[in-house]
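Report on the following structure.
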Amino acid sequence: MSKLIKTNPRENRVEPSHSIFNEFRAYWQLSEEMIAKASKDDLAEVARILAMQSAHYARKYGELQLPDLANLLSATHIDDESAGLLRDGAEALVGVMAMVTGVGGVDIDATVQ
């Protein structure tokens, strides 16, 4: 059974001891910074690449039922599996953004701390 990650009700955030969620937050913050600096054309290219990755996966492994991703992004309580999905998605976004915009050498370990 997955461990539930509880948020701090006063600050509406996850307790900082959870490393997977902290990694997600670091990738998310980095992606926000990259999005703010990217051109509209760069963002369109990122969307196209991520759509192609999704289509490639669906063709290779079949369609999978997806969780309610919109609600997951605004959830106040998540389990380990959901935290991992958020982290992996944010990491993929940062990777594609870096490839498209030519930004390299991103040290996520420094961002997590």
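The values are calculated or read from the model by the stated rules, or taken from the named source; none is laboratory data. Everything quoted here is computed from the prediction, not taken from an experiment. With ideal geometry, Cβ positions are generated from the backbone for all residues, glycine too; neighbour counts draw on all protein chains shown. Please note that ligands, DNA and RNA were not included when accessible areas were found on the heavy atoms of the full protein model with its side chains. Shrake-Rupley method; radii C 1.70, N 1.55, O 1.52, S 1.80 Å.
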Scanning region 52-96 for residues that are charged (D, E, K, R), closer than 22 Å to F21 by Cβ and open to solvent by 70 Å² or more (accessible area, probe 1.4 Å) gives D68, E81, D88, E91
Look at M99 and say whether it is at pLDDT below 95 and surrounded by fewer than 16 Cβ atoms within 10 Å (Cβ to Cβ).
-> yes
May I ask you to list the residues in region 21-51 that are open to solvent by 30 Å² or more (accessible area, probe 1.4 Å) and not in a helix (DSSP H, G or I)?
-> S39
